[in-house]
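A short worksheet on the structure shown next.
The values are calculated or read from the model by the stated rules, or taken from the named source; none is laboratory data. Quick caveat, the model's predicted, so the values are computed rather than measured. Positions of Cβ are backbone-derived with ideal geometry, glycine not excepted, and every protein chain shown enters the neighbour counts. The protein model used for the area step is the full one, side chains on, heavy atoms only, and it has no ligands, DNA or RNA in it. Shrake-Rupley method; radii C 1.70, N 1.55, O 1.52, S 1.80 Å.
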Amino acid sequence: MRYSSIMVDVGKWPIFTLLSPQEIASIRKACVFGTSANEAIYITHNDEVFVFGLNCSNCLGTGDSQSTIVPKKLEALCGKKISSLSYGSGPHVVLSTEDGEVYAWGHNGYSQLGNGTTSQGIAPVQVCTNLLIKKVVEVACGSHHSMALSFDGDLYAWGYNNCGQVGSGSTANQPTPRRVSNCLQGKMIVGIACGQTSSMAVVNNGEVYGWGYNGNGQLGLGNNGNQLTPCRVAALHGVCILQIACGYAHTLALTDEGLLYAWGANTYGQLGTGNKSNQLSPVQIMMEKERVVEIATCHSAHTSAAKTQSGQVYMWGQCRGQSVILPHLTHFACTDDVFACFATPAVMWRLLSVEHEDFLTVAESLKKEFDSPETSDLKFRVDGKYIHVHKAVLKIRCEHFRTMFQSYWNEDMKEVIEIDQFSYPVYRAFLEYLYTDSVDLPPEDAIGLLDLATSYCENRLKKLCQHIIKRGITVENAFSLLSAAVRYDAEVA
């Protein structure tokens with residue numbers, strides 16, 4: 001399961017309302033899972049691992065069967081640097097670390113934990129058979145089977161195999177990881193995904209292979225017969241697939257040219273074809289002629305989502321009980337929000353990264369660059385001190401500067417402007433306001449800023465200053481404020 005590099009508000013998932021603001025702020029990665037989205041795991045900035053929720057089938061891995069609304073630490077996983085995580089319907093949980101180790105716990109009725117037994121996994125245990133000498137980079141889970149992809153492109157599968165989803169050539173359950181070979185022998189696999197009882201893989205040359213249950217055409221083979229071993233999706237010949245994603249019984253694929261294909265079950269319109277007819281072979285889904293850069297769905301949902309190169313996010317399929325049969329443009333910034341707000345259950349389709357320091361909004365970026373000598377192209381000197389700014393920002397934000405630069409400014413003019421009619425704190429506060437839309441000044445200086453705002457015809461700033469002055473008047477400072485007002489000849493309304 002891939003993880004997101006976009007800052008996402010985990011508070012959009014109802015279960016996270018159980019946490020305090022301090023706990024929310026500590027989260028670096030997180031995943032909501034479970035048949036009712038009632039379990040969650042998260043990793044902190046200190047690389048500690050916590051779980052909370054209902055604990056069905058011991059899926060929290062806490063060593064007992066008790067539910068908890070208070071996060072419990074999983075000591076065995078702290079410091080392991082989790083990089084990929086997936087979950088089944090039992091549920092069971094499988095994850096891999098940056099060191100390539102694989103751990104699993106939870107429901108194990110079909111040996112989906114890969115430890116050779118069918119005993120419930122009450123705590124995380126490393127999956128060893130055939131994987132100890134491999135560095136695993138990605139894991140994926142179906143309803144009751146699991147897969148692991150190694151750094152060198154080998155694929156291993158284990159667990160429930162009633163439809164051939166393990167790819168072993170039989171329908172016998174697979175108690176430990178077994179390499180998936182047959183027609184994948186010698187091929188470098190770069191991506192994997194699981195439906196409820198089906199499996200898909202992408203090869204480094206862009207080919208796609210599928211195996212397991214195919215009753216709805218989710219393998220894309222042009223028929224609805226199950227496959228006990230990997231079979232190439234021949235209908236995608238001539239296109240290069242970069243990403244594959246599996247829903248409950250449908251499949252999405254993204255090409256290197258940003259085209260979207262879909263096939264399989266379509267009861268809820270999850271293929272985005274404009275109707276509810278199943279598709280046994282891949283069909284191209286139109287996305288307003290925009291290049292698609294990400295696709296999303298998960299085996300517990302009938303919901304689909306995609307993100308375009310311009311950042312627009314579309315959703316379709318089962319959305320809060322409704323069937324949306326064509327891609328619908330949302331106001332979301334990422335595909336993850338689609339599942340938080342519209343999927344049933346409201347699980348996460350991948351392990352989320354919520355690292356705040358990796359992302360700055362436009363407003364935050366502007367605030368950060370105020371008075372920055374490294375990026376500025378203009379300086380104001382006030383009371384002998386310099387304030388570094390950007391001509392473009394001043395022109396965009398202030399009519400006074402826009403007029404001044406257009407009328408008098410050229411590239412040969414000096415890069416320093418002398419200001420002598422206002423004090424340094426006042427003028428600095430004014431320039432900072434243009435970057436931040438806020439003012440933080442004592443009432444005495446706010447009077448001077450009010451005078452400046454009046455001179456520069458900045459009406460909104462005038463109102464801010466008047467508010468600061470009125471709010472700041474006390475018996476002790478009333479005389480000094482009056483004196484300052486006289487000094488600046490400013491009228492406090």
Could you tell me whether Met7 is open to solvent by less than 40 Å² (accessible area, probe 1.4 Å), part of a loop (DSSP other than H, G, I, E, B) and modelled with pLDDT under 95? no
What do you reckon, is Gly191 part of a loop (DSSP other than H, G, I, E, B) and not aromatic (Phe, Trp, Tyr)? no
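Just name the residue that is most open to solvent (accessible area, probe 1.4 Å) out of those in the range 56-78 that are under 22 Å from Thr17 (Cβ atoms) and aliphatic (A, V, I, L, M).
Among those that are under 22 Å from Thr17 (Cβ atoms) and aliphatic (A, V, I, L, M), it is Ile69.
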Per the filter on the range 122-136, residues open to solvent by 10 Å² or more (accessible area, probe 1.4 Å) and among the β-branched types (Val, Ile, Thr) are Ile122, Val125, Thr129, Ile133
Consider Thr129 carefully, then state whether it is touching a strand residue (DSSP E or B) at 6+ places or on another chain (Cβ under 7 Å) and free of Cβ contacts under 8 Å to residues at least 24 places away in the same chain. no
Those residues of the range 304-327 which are modelled with pLDDT under 95, hydroxyl-bearing (Ser, Thr, Tyr) and part of a strand (DSSP E or B) amount to Thr308
Filter the range 444-483 for residues that are more than 17 Å from Gln421 (Cα to Cα), touching an Asp or Glu at 6+ places or on another chain (Cβ under 8 Å) and in a helix (DSSP H, G or I) and give the result. Ser480, Leu481
Report yes if Met315 is over 23 Å from Asp9 (Cβ atoms) and open to solvent by less than 40 Å² (accessible area, probe 1.4 Å), otherwise no. no
For the range 283-303, check the following and say yes or no: at least one residue is buried (at least 19 other Cβ atoms within 10 Å of the Cβ), small (Gly, Ala, Ser) and outside any loop (DSSP other than H, G, I, E, B). yes
Looking at this structure, is Ser146 among the small types (Gly, Ala, Ser), over 17 Å from Leu85 (Cβ atoms), crowded, with 22+ Cβ neighbours inside 10 Å and in contact (Cβ under 8 Å) with a residue 24 or more places away in the chain? no
Quick one: is Gly222 closer than 18 Å to Phe151 by Cβ, open to solvent by 40 Å² or more (accessible area, probe 1.4 Å) and over 30 Å from the mean Cα position of the chain (by Cα)? no
So which residues in the range 97-121 are open to solvent by 40 Å² or more (accessible area, probe 1.4 Å) and either outside any loop (DSSP other than H, G, I, E, B) or aromatic (Phe, Trp, Tyr) (or both)? Tyr110
